[in-house]
Amino acid sequence: MLDQGIESDPELLRSALAMRAPTTKEELFWHCLNVIRVSCEPCGGTGSHQGPFGTVPCVRCGGEGRSGFRFGRVAVCPGHTAPLDVLWELWTGRLKHVLVIGNRAGGKTLLLALLEYLKMKFQKYTVSHMGAVQKQAHRARDHFHRLVAEPPGSDELDGAEPGREQVTFRNGGAIEWLAGTLAQASGPHPELSVLDEMDEADPTVRQRFLKTPYGPRAQFVEATTHYMQQGTVSLVLKEHPHLTVFRFCIWETLERCVYDCDEMPLPDGTVGRCPLFETEEIQADGSIRIVPLCGGELARKSDGHI
């Protein structure tokens with residue numbers, strides 16, 4: 001039981017819990033939201049926005065200028081898995097080979113960066129993170145460096161300044177970021193190998209990188225948006241029908257909607273019908289068919305972070 005003085009001080013409580021590895025899914029959610037805190041992206045760390053009637057506090061960080069990471073806890077669509085459940089399954093290490101398919105800008109790379117950081121911090125994992133293209137590897141690297149650049153991560157590095165392509169923790173955990181080339185896929189032998197945006201990867205590179213995880217805790221995690229009909233994802237799903245696959249889409253990553261469908265604040269500053277309510281499709285005969293998207297229901301079941 002925590003000391004009563006610690007329980008009454010939120011900062012001391014956060015510092016104490018930061019040193020303990022999450023043991024339940026609820027603790028993992030709380031840890032990402034309250035312990036791992038970085039400069040808020042929407043407000044740039046200022047804690048406020050300039051509105052039409054003056055300065056207003058940032059909604060995302062509540063004016064603090066720093067925020068944690070909130071993952072959706074509800075699977076809205078049939079057959080989908082909530083992002084928090086995905087993170088929990090990867091964190092426990094029970095599954096040795098997993099493919100995560102999510103929507104574009106759905107937080108896949110951020111989820112991987114948090115997974116890698118937590119595994120290095122608490123489980124002393126060695127990690128190789130490969131981007132199918134070098135730009136993707138750099139995105140993952142930048143996410144990770146946000147996590148270690150601020151307390152409580154800044155004192156964990158073993159003499160390595162954030163920004164490098166390789167980082168080592170004092171406890172022995174280490175990570176490297178690799179571009180998706182055949183040469184890069186041949187060298188590492190980490191405990192956790194991560195292939196980001198797998199659908200863009202050369203199948204030969206993927207197959208070689210698949211052999212890199214080593215040891216009793218070895219894991220291979222692939223994450224991607226599935227958008228190419230004849231791409232690497234389609235090939236893998238066809239050849240490995242029993243592979244564990246987690247899927248989520250925009251409805252699992254959106255925040256729960258609280259607006260009236262016909263009185264939605266729009267990006268141009270006006271108010272009107274929500275653009276996610278329905279869409280128009282042009283048929284082969286030239287006619288236009290109205291297709292429901294959310295239909296006023298799906299977004300109200302969401303519990304995400306975007």
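The values are calculated or read from the model by the stated rules, or taken from the named source; none is laboratory data. Note that this is a predicted model, so its numbers are computed, not measured. Using ideal geometry, Cβ is built from the backbone for each residue, glycine included, and neighbour counts are taken over all protein chains shown. With ligands, DNA and RNA removed, areas are computed over all heavy atoms of the protein, side chains included. Shrake-Rupley method; radii C 1.70, N 1.55, O 1.52, S 1.80 Å.
Can you tell me which of GLU191, GLU197 is open to solvent by 20 Å² or more (accessible area, probe 1.4 Å), within 20 Å of PHE144 (Cα to Cα) and in contact (Cβ under 8 Å) with a residue 12 or more places away in the chain?
From the options GLU191, GLU197, the qualifying one is GLU191.
In the list THR204, THR181, THR224, which residue meets the criterion of being surrounded by fewer than 22 Cβ atoms within 10 Å (Cβ to Cβ) and closer than 14 Å to GLN136 by Cβ?
Residue meeting the stated conditions: THR181.
In the stretch 28-47, which residues are over 18 Å from ALA113 (Cβ atoms) and either touching a residue at least 24 places away in the same chain (Cβ under 8 Å) or open to solvent by less than 40 Å² (accessible area, probe 1.4 Å) (or both)?
Correct list: CYS43, GLY45, GLY47.
Return the residue satisfying two criteria in turn: it lies in the stretch 115-141 and is open to solvent by less than 50 Å² (accessible area, probe 1.4 Å) and outside any helix (DSSP H, G or I), and of such residues it is farthest from GLY173 (Cα to Cα).
ALA132
Could you check the stretch 207-221 and list, in sequence order, the residues that are surrounded by fewer than 20 Cβ atoms within 10 Å (Cβ to Cβ) and in a helix (DSSP H, G or I)?
Those that are surrounded by fewer than 20 Cβ atoms within 10 Å (Cβ to Cβ) and in a helix (DSSP H, G or I): GLN207, ARG208.
I'm told ALA105 meets every condition in (1) small (Gly, Ala, Ser); (2) modelled with pLDDT under 85; (3) open to solvent by less than 40 Å² (accessible area, probe 1.4 Å) except one. Can you identify the failing condition by its number?
Tallying (1) small (Gly, Ala, Ser); (2) modelled with pLDDT under 85; (3) open to solvent by less than 40 Å² (accessible area, probe 1.4 Å), ALA105 fails exactly one: (3).
Can you list the strands (runs of 3 or more DSSP E) found entirely within the stretch 236-304 that contain at least 2 residues being farther than 27 Å from ARG73 by Cα and either open to solvent by 60 Å² or more (accessible area, probe 1.4 Å) or aromatic (Phe, Trp, Tyr) (or both)?
Filter on the stretch 236-304 gives 278-282, 288-292.
Just one of PHE169, PHE144 is under 16 Å from the mean Cα position of the chain (by Cα) and at pLDDT below 90; which is it?
Just a single option satisfies the conditions, and that option is PHE144.
If you scan the stretch 162-178, which residues turn out to be part of a loop (DSSP other than H, G, I, E, B) and surrounded by fewer than 18 Cβ atoms within 10 Å (Cβ to Cβ)?
PRO162, GLY163, ARG164, GLU165, ARG170, ASN171, GLY172 - these are the residues of the stretch 162-178 that are part of a loop (DSSP other than H, G, I, E, B) and surrounded by fewer than 18 Cβ atoms within 10 Å (Cβ to Cβ).
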